[in-house]
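Data first, discussion second: the structure below is written as structure tokens.
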Amino acid sequence: MSYVHSPVLLSQVLANLVGERDKLFLDCTLGEGGHSEAVLQNFSNISVIGLDRDTEILAVARDRMSAFQGRFAGLNVNFADVAADDILVSPLGELFSQNGGFDAILVDLGISVFHYKISQKGFSFGVDQPLDMRLSSVGMSAADIINTWTEPQLLEMLYRYAEERHAKLIVRRIIEQRTLNPITTTKQLADIIAHAIPKKFQTKIHPATKTFQALRIAVNNEFGNIERGIPNLMKLLKTGGRMGVITFHSLEDRIVKNIFADMYKDCICPPAAPICTCNKRREINYIVKHAEPDEEEVKRNPPSRSAKIRIVEKL
């Protein structure tokens, strides 16, 4: 590889998510395996199961973890859909059964540097690539969305997934241009967006940045995966086990924050109700309500600057 992968907020993961007595760790968004490798190196009693939707990057992580024979298993599974059966049939399934679940679970919602620099799937507009953005090879690509979605659909995508204030100008330009020629590459789309937004409204940040973010989220159903995945993963976590979620922008962090807030509530009856009838009980305690990288980490690893981690313990 032509880059060095640095896992973000690693000190928080090692200090507050994983413990000396833990036996089994689930890395839900394995990527190149930076967090998993550090856990295996620092805790000799822990085994790791890593999940990733992308078979190419999963192969990279498996190679990286080859030194930890018998302590690592990589599965090609979307974390939002993983079930106990998937874990039980893995090479570490017996340990999962004996342990009664996972001691710690990490969900790192960032898109790996691998996808921007190596995958050639169009995650970055810095180089001209096919407009794909799929973490797996199924479903609609970014080009499919740009060329087939209606104006209201595209507007909703830009507002909901990027809060793009120039959405109307961008969508109008996209529809004009796609009637002339299909939009199939990152450079095509980035140029269309740059010409759609008047120069007086443009800043140092490339005008296509938010549109590319919104497209990536839509293509991979990222928000839906968070909403479905976190409650699902809680079922695989032992009582007393911990879950950490790393986010990279306010929209996804808001979803995580709200899910944990609901899990923390002890009752959801209306305030005027004389007695509790909802039978809701608090499911978690906060271990780290939220933490961000320190100045040293940001200086060493600039992509970490927008990261935030939340860690909870299952009751």
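The values are calculated or read from the model by the stated rules, or taken from the named source; none is laboratory data. Everything numeric here is computed off the predicted structure, so don't read it as measured data. Methodologically, a virtual Cβ is constructed for each residue, glycine included, from the backbone with ideal geometry; neighbour enumeration extends over all protein chains shown.
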* To do: Report the residue count in the stretch 51-75 for those that are within 14 Å of the chain's Cα centre (by Cα), in a loop (DSSP other than H, G, I, E, B) and either of a type in the set (Lys, Arg) or within 20 Å of Phe102 (Cα to Cα) (or both).
  => 2
* Asked: Among the residues of the stretch 244-252, is any assigned to a loop (DSSP other than H, G, I, E, B) and out of contact with any strand residue (DSSP E or B) (no Cβ under 7 Å at 6 or more places or on another chain)?
  -> yes
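Residues are listed down the side, and each one gets a yes or a no for (1) more than 19 Å from Thr247 (Cβ to Cβ); (2) touching a residue at least 24 places away in the same chain (Cβ under 8 Å); (3) part of a loop (DSSP other than H, G, I, E, B):
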{"position": "Cys267", "(1), (2), (3)": "yes, no, yes"}
{"position": "Lys280", "(1), (2), (3)": "yes, no, yes"}
{"position": "Val298", "(1), (2), (3)": "no, no, no"}
{"position": "Ser304", "(1), (2), (3)": "no, yes, no"}
{"position": "Ile311", "(1), (2), (3)": "no, yes, no"}
* With respect to the numbered conditions (1) in a helix (DSSP H, G or I); (2) of a type in the set (Gly, Ala, Ser); (3) assigned by TED's automatic domain parsing to the domain that holds Gly100, which one is the sole condition not fulfilled by Ala214? -> (3)
* Are there any pairs, at least 6 apart or on different chains, whose C-beta atoms fall under 7 Å, with the first in the stretch 147-169 and without any contact (Cβ under 8 Å) to a residue 60 or more places away in the chain and not assigned by TED's automatic domain parsing to the domain that holds Ser250 and the second assigned to a loop (DSSP other than H, G, I, E, B) and among the aliphatic types (A, V, I, L, M), and if so, which? -> Asn147/Ile183; His166/Ile197; Leu169/Ile197
* Has the stretch 101-119 got any residue that is free of Cβ contacts under 8 Å to residues at least 60 places away in the same chain and out of contact with any helix residue (DSSP H, G or I) (no Cβ under 9 Å at 6 or more places or on another chain)? -> yes
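Take the residues in the stretch 84-116 that are of a type in the set (A, V, I, L, M) and over 26 Å from Phe248 (Cα atoms), then tell me which one is surrounded by the most Cβ atoms within 10 Å (Cβ to Cβ).
Step one: list which residues in the stretch 84-116 are of a type in the set (A, V, I, L, M), which gives 84, 87-89, 92, 95, 104-107, 109, 111, 113.
From the residues that got through so far, the ones that are over 26 Å from Phe248 (Cα atoms) too are 84, 87-89, 92, 95.
Details: Ala84: 13, Ile87: 23, Leu88: 12, Val89: 9, Leu92: 21, Leu95: 16.
Here the residue is Ile87.
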* Asked: For the stretch 228-243, does any single residue satisfy the condition of being loosely packed, with under 15 Cβ neighbours inside 10 Å, outside the structural domain of Glu163 (by TED's automatic domain parsing) and assigned to a strand (DSSP E or B)?
  -> yes
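If only one of Asn78, Asn45 is assigned to a loop (DSSP other than H, G, I, E, B), within 29 Å of Gln120 (Cβ to Cβ) and not small (Gly, Ala, Ser), which one is it?
The match here is Asn78.
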* Asked: Within the stretch 263-271, can one find any residue that is farther than 30 Å from Val138 by Cβ, surrounded by fewer than 15 Cβ atoms within 10 Å (Cβ to Cβ) and among the aliphatic types (A, V, I, L, M)?
  -> yes
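State whether the residues of the stretch 177-197 include one that is outside the structural domain of Lys23 (by TED's automatic domain parsing), aliphatic (A, V, I, L, M), closer than 20 Å to Gly122 by Cβ and surrounded by fewer than 18 Cβ atoms within 10 Å (Cβ to Cβ). Walk me through how you get there before you give the answer.
The first filter runs over the stretch 177-197 and keeps only residues outside the structural domain of Lys23 (by TED's automatic domain parsing), leaving 177-197.
From the residues that got through so far, the ones that are aliphatic (A, V, I, L, M) too are 180, 183, 189-190, 192-194, 196-197.
Remaining after also requiring closer than 20 Å to Gly122 by Cβ: 183, 189-190, 192-194, 196.
Of the ones still in play, those that are also surrounded by fewer than 18 Cβ atoms within 10 Å (Cβ to Cβ) are 194.
Checking the stretch 177-197: at least one residue is outside the structural domain of Lys23 (by TED's automatic domain parsing), aliphatic (A, V, I, L, M), closer than 20 Å to Gly122 by Cβ and surrounded by fewer than 18 Cβ atoms within 10 Å (Cβ to Cβ).
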* To do: Return yes or no: is Leu169 touching a strand residue (DSSP E or B) at 6+ places or on another chain (Cβ under 9 Å) and surrounded by 15 or more Cβ atoms within 10 Å (Cβ to Cβ)?
  => no
